[in-house]
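Report on the following structure.
The values are calculated or read from the model by the stated rules, or taken from the named source; none is laboratory data. Here the structure is a predicted model, which means the values were calculated and not measured. When we count neighbours, we look across all protein chains shown, and the Cβ atoms used for this are built from the backbone with ideal geometry, even at glycine. Surface accessibility is based on the protein's heavy atoms, side chains included, excluding ligands, DNA and RNA. Shrake-Rupley method; radii C 1.70, N 1.55, O 1.52, S 1.80 Å.
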Amino acid sequence: MDSKEELIEKLKKYTKDDIIFTSHAFIRAKQRNIKLSEVIENITNPKRLVFARKQKANKPGEEKYDCYFVHSNTYSMYGN
């Protein structure tokens, strides 16, 4: 089930200051040559979000989503 609209409503509440990157996220971004500024832009302004699917969360109060952001015909980002 596509949870895109649900996720967009939740993301609208976040600002740049709300986003915290784990050390694992820093490492993976560097390995994949992804700029953290692009990740922040996708979260705070989800206009490029084309698909979102809710995942099973492992911790109480946690929400997880598979997300697919399209920037152009040749560049997209998938995150989970």
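Here are some pairs, Lys30/Lys56; Lys13/Lys47; Lys4/Lys64; Lys4/Lys56; which of them have Cα atoms lying more than 23 Å apart in this structure?
Among Lys30/Lys56; Lys13/Lys47; Lys4/Lys64; Lys4/Lys56, the Cα-Cα distance tops 23 Å for Lys30/Lys56.
Tell me which GluC sites (Glu not before Pro) from the chain have a DSSP coil assignment and no more than 13 other beta carbons within 10 Å of their own.
Glu62, Glu63
Accessible area of segment 3-69 with a 1.4 Å probe: how many percent of it is carbon plus sulfur?
Solvent-exposed carbon and sulfur of segment 3-69 make up 52 percent of the total.
Counting heavy atoms of the protein chains only and a 1.4 Å probe, report the per residue accessible area for segment 3-69 as a whole number of Å².
75
Mean separation of Cα pairs under 8 Å and 6+ residues apart, divided by the residue count of the chain: what relative contact order is that in percent?
Here the relative contact order equals 28 percent.
If you keep only loop residues by DSSP, which trypsin sites (Lys or Arg not before Pro) in the chain have at most 15 other Cβ atoms within 10 Å of their Cβ?
In loop regions of the chain (DSSP not H, G, I, E or B), the sparsely surrounded trypsin sites (Lys or Arg not before Pro) are Lys12, Lys13, Arg32, Lys35, Lys56.
By the gyration tensor of its Cα atoms, with a ≥ b ≥ c the square roots of the eigenvalues, what is the shape of the chain: rounded for a/c under 1.5, prolate for a/b over b/c, or oblate?
Judged from the Cα gyration tensor, the chain comes out rounded (a/c under 1.5).
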